[in-house]
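None of the figures in this text is laboratory data; all of them are computed from the coordinates on show. Given the structure is predicted, the values throughout are model-derived calculations rather than measurements. Backbone-built Cβ (ideal geometry, glycine too); neighbour counts: all protein chains shown.
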Ligand code: ATP
C-alpha cells in the first residue's frame, strides 16, 4: 500500500536518509542519516577529507548521491527516481568566501533572486535595485543582520564580519527551508570569530530556519550548534547535543577529536573501573560490556589536584603549568610515568615540581581497546 505523503508542517526541514557518495575508489559519504528541525542548527564536524562538504553539496543539489533520500520540508528532493536540481530546492547557501557580487550594493546583493520570487539566487539574471528604495524583505533582512544603514555600501566597503552577515541575509531572504554554511568562519579574523559565532546564532534563531554548517573547528561546532554530527571517513559516528558529544563521546576518536582528553587504562570492577587515579564510575557501562580491561577518558576539567607530602611515593608531580587568569592548565606526571592534563581554577596556583595527588570529580567514559 502506498504511504500517505508527509505533510510539510509535520516534517523536519531536512530529512537525510542513508545518503552515500563515492568518487572513484573514495567513499566520500557513507550512509549518512540525520534530520534537522526548523530553527535548529546542526554542525557537521570532522577532520579534513571526512566528507562534510560532500554532504552539504548533496543537500544543495550540487552532487548527485549514489544512494539515499533527501527530503526538504517533507518534499522529496532526491531518491532513486527523483532528482531536483539546486534551483528547485528551498535551500540557501552561504559559500566559504561569501561570494558577494562585487558590483552590486549590499541591498542589491540581498535582493538578488527575490524579484522573481525564486530562491536560487546564483542562477538569476542580475537586477539592479540601486536608486530605488529596497523592497521590504530586503529592509527586513538588513535589520535582521544588524546592517540597516549599510544597504548602499558595496562589498569592498565591508569588514569580513559584515560581508558574512550580508551573505547570510542574502541566503535567508527568499525564506528557504534550510540554509547551508560552508566553513562560515574560515575567512574571518581569529579574534572576531567568537563574537561572530554568537551573532550568527542569534540571526539564525531569529529567522527560525534550519541550518547546517560545516567546520573542522570543535569550539565552533560546540558553541554554535544545537546538535553536532561528528564525521570520520565518510561516516557520521555520532550526532548529539554538544555536551553529549563532549562528555559522552561514543568512540575514542570522537573523545579525542572534540576536546582535550586524558586516556588511561582501566580494569573492570563492580560499578566502574579501577585506574591509576583510583576508582572511577563509568557513565557508559554498556560500551565496555564484556571487557575486563579497556581505556577510560576524563576531560582536564574533570580532575582536581591536592597537595601531598613530597616523600609520599604515591605522589604525582606537576611537570608544567600555564596560567591564564580565568583558569590554569597543569600537566602532571603520575607515579607510573603516565601524564594527565588538568584544567583548574586559580585560587591555588600550581608550579612545576609541586607534589600532588589527582582527584577525579566526575564519571568517566570507557572505550574498548
Ligand atoms: P575539507 O574539510 O578538507 O573541506 P571535507 O570533510 O569537506 O574536507 P570532502 O570535500 O567532502 O571532505 O571530501 C571527502 C572525500 O571525497 C575526500 O577524500 C575528497 O578528496 C573526495 N572528493 C571530494 N570531492 C571530490 C571530487 N569531485 N572528485 C573526487 N574526489 C572527491
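Observations on the structure shown:
- Tally of residues being farther than 14 Å from residue 213 by Cα and either away from the ligand (no atom under 13 Å from the Cβ) or in contact with a helix residue (DSSP H, G or I) (Cβ under 6 Å, 6 or more places away or on another chain) (or both) across region 54-75: 12
- Strands (runs of 3 or more DSSP E) fully within region 325-368 counting 1 or more residues that are over 27 Å from the mean Cα position of the chain (by Cα) and without any contact (Cβ under 8 Å) to a residue 40 or more places away in the chain: 328-333, 339-344
- Evaluated against (1) farther than 16 Å from residue 279 by Cα; (2) buried (at least 17 other Cβ atoms within 10 Å of the Cβ), residue 333 falls short on exactly one condition, (2).
- Within region 296-313, the residues that satisfy the criterion of being farther than 26 Å from residue 43 by Cβ and within 33 Å of the chain's Cα centre (by Cα) are 296, 303, 304, 305.
- Within region 87-101, the residues that satisfy the criterion of being surrounded by fewer than 18 Cβ atoms within 10 Å (Cβ to Cβ) and either closer than 14 Å to residue 16 by Cα or within 16 Å of the ligand (Cβ to nearest atom) (or both) are 95, 96, 97.
- Wholly within region 245-286, strands (runs of 3 or more DSSP E) carrying at least 3 residues that are under 18 Å from residue 369 (Cβ atoms): 262-269, 272-275
- Among the criteria (1) buried (at least 19 other Cβ atoms within 10 Å of the Cβ); (2) in a strand (DSSP E or B), the one residue 69 does not fulfil is (1).
- Selection count, region 159-185, where residues are within 19 Å of residue 114 (Cβ to Cβ) and assigned to a loop (DSSP other than H, G, I, E, B): 5
- Single residue of region 288-309 satisfying the filter (in contact with a strand residue (DSSP E or B) (Cβ under 6 Å, 6 or more places away or on another chain) and outside any strand (DSSP E or B)) that is nearest to residue 334 (Cα to Cα): 308
- Taking the criterion of being more than 16 Å from the ligand (Cβ to nearest atom), buried (at least 18 other Cβ atoms within 10 Å of the Cβ) and either touching a residue at least 60 places away in the same chain (Cβ under 8 Å) or not in a strand (DSSP E or B) (or both), the residues of region 7-53 that qualify are 11, 12, 13, 14, 36, 40, 41.
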